[in-house]
1. Take the alpha-carbon centre of the range 168-184, take the same for the range 124-138, and report the distance between them in whole Å.
2. Output the peptides 31-38, 179-186, 153-160 sorted from most to least packed, where packing is the average of other Cβ atoms within 10 Å over each peptide's residues.
3. Please say if the range 99-149 is rounded, prolate or oblate, where rounded means a/c under 1.5 for a ≥ b ≥ c the square roots of the C-alpha gyration tensor eigenvalues, and otherwise the choice is prolate for a/b larger than b/c and oblate otherwise?
4. Given a Förster radius of 45 Å and the C-beta distance between residue 112 and residue 198 as r, what FRET efficiency does 1/(1 + (r/R0)^6) yield to the nearest 0.05?
5. What does the highest-first list of 140-147, 95-102 look like by mean Cβ count within 10 Å?
């Protein structure tokens, strides 16, 4: 928005814009001063502040929805295995990566749940597409499994990560939160969780609601696409 307002463009000496009279180009240093001044002006306008408020409200609503969903999933069986994986793209792939590609890959992952044995005994899932300054597009995922049938959360996380690399044809990589549980200390909310353990359930809510944080919203997304995807709740047994 600010760049468009001042007509910022790439010149021989870098990014430049015209002076107030539109008679000549400013040098890079002065152009950046104009850009900063316009950004400050925009951030104090009512529409911008309202948009920030709307994002906070939307994030809060997503967290409430996720909390309700998680409680329903954890209520289904006496023990649930919670698996958290973060799905990323390699730096070289990020250069040409478009948001449409990310949603396409996510859709392939979600569809794979219907036929891939990795997802046997799955009771629910949550996936959140985000865009960060350092790692670009990425997806936070949580998968839930019937704890009476699934024992190793490490194994499930690895298999899901390997599937992601296959879907992205080697352009992607993953981070298994389940293999780094010690880093969470006493606040770990993944792995085997008992239905009647209210303290552990609270930690699961805290760990998974991270997926709806406000700070890494998408700047653009395909029409009709949802940044947060959740599975259906099965009927109580």
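Bear in mind these aren't lab numbers, they're just calculated from the coordinates by the rules spelled out. Predicted model only: the values in this text are computed from it and were never measured. Positions of Cβ are backbone-derived with ideal geometry, glycine not excepted, and every protein chain shown enters the neighbour counts.
1. Comparing the Cα centres of the range 168-184 and the range 124-138, I get a distance of 13 Å.
2. 153-160, 31-38, 179-186
3. oblate
4. Result of the calculation: an efficiency of 0.85.
5. For the peptides 140-147, 95-102, the packing ranking is 140-147, 95-102.
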